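Structure first, commentary second.
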Amino acid sequence: MFDKTIGLTIDENGIFDNTNASSVGLIKWTDITVIKTVQVASTKFLLIYTSNPEFYLSKVKGFKRKLMEGNNRMYGTPLSITSNTLKYNFNELEKLINDILNRQKE
């Protein structure tokens, strides 16, 4: 809420995530296999599935790792982007990311 750093950057390399306490930085397009949306109460999340989730888990330690391990157990991926911390329409973001991912796979 008080953090003024950019929460999410999407470019030709991938998704640079700084949206929540369990963010890992750059998630490469070449690693991403599927993106799904889930909603818990009033909060929507983009779940980012990768070919090597252990790589992303190995990048973090402590509390952040515990959060990511919890995500991994609950959703099958340690990586998620929450709608609560972004100043952007979540549905548009979901479409944008999926469109780019589909182009990357062509």
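The values are calculated or read from the model by the stated rules, or taken from the named source; none is laboratory data. All values reported here derive from a predicted model rather than from experimental measurement. Note that we place each Cβ from the backbone using ideal geometry, even for glycine, and neighbour counts take in every protein chain shown.
Data table
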quantity	calculated
Flag if Thr43 is closer than 20 Å to Lys87 by Cα and touching a Leu at 6+ places or on another chain (Cβ under 6 Å)	no
Residue check, Leu101 touching a strand residue (DSSP E or B) at 6+ places or on another chain (Cβ under 9 Å), surrounded by fewer than 17 Cβ atoms within 10 Å (Cβ to Cβ) and of a type outside the set (D, E, K, R)	no
Count of residues meeting criterion [loosely packed, with under 12 Cβ neighbours inside 10 Å and touching a residue at least 12 places away in the same chain (Cβ under 8 Å)] in segment 55-82	1
Options Tyr56, Tyr49, Tyr75; residue that is modelled with pLDDT of 90 or more and either over 19 Å from Gly25 (Cα atoms) or not hydroxyl-bearing (Ser, Thr, Tyr) (or both)	Tyr75
Residues of segment 14-38 satisfying the condition of being part of a helix (DSSP H, G or I) and surrounded by 16 or more Cβ atoms within 10 Å (Cβ to Cβ)	Trp29, Asp31
Test for Lys87: is it farther than 21 Å from Gln104 by Cα, charged (D, E, K, R) and at pLDDT below 90	yes
Candidate set: segment 83-98, residues that are in a loop (DSSP other than H, G, I, E, B) and not aliphatic (A, V, I, L, M); chosen: the one surrounded by the most Cβ atoms within 10 Å (Cβ to Cβ)	Ser83
Given (1) modelled with pLDDT under 90; (2) surrounded by 16 or more Cβ atoms within 10 Å (Cβ to Cβ); (3) more than 16 Å from Leu8 (Cβ to Cβ); (4) not acidic (Asp, Glu), index of the condition Ala41 fails	(2)
Hits in segment 71-95 - residues which are in contact with a Phe, Trp or Tyr (Cβ under 6 Å, 6 or more places away or on another chain) and closer than 15 Å to Thr43 by Cβ	Ser80, Thr82, Ser83
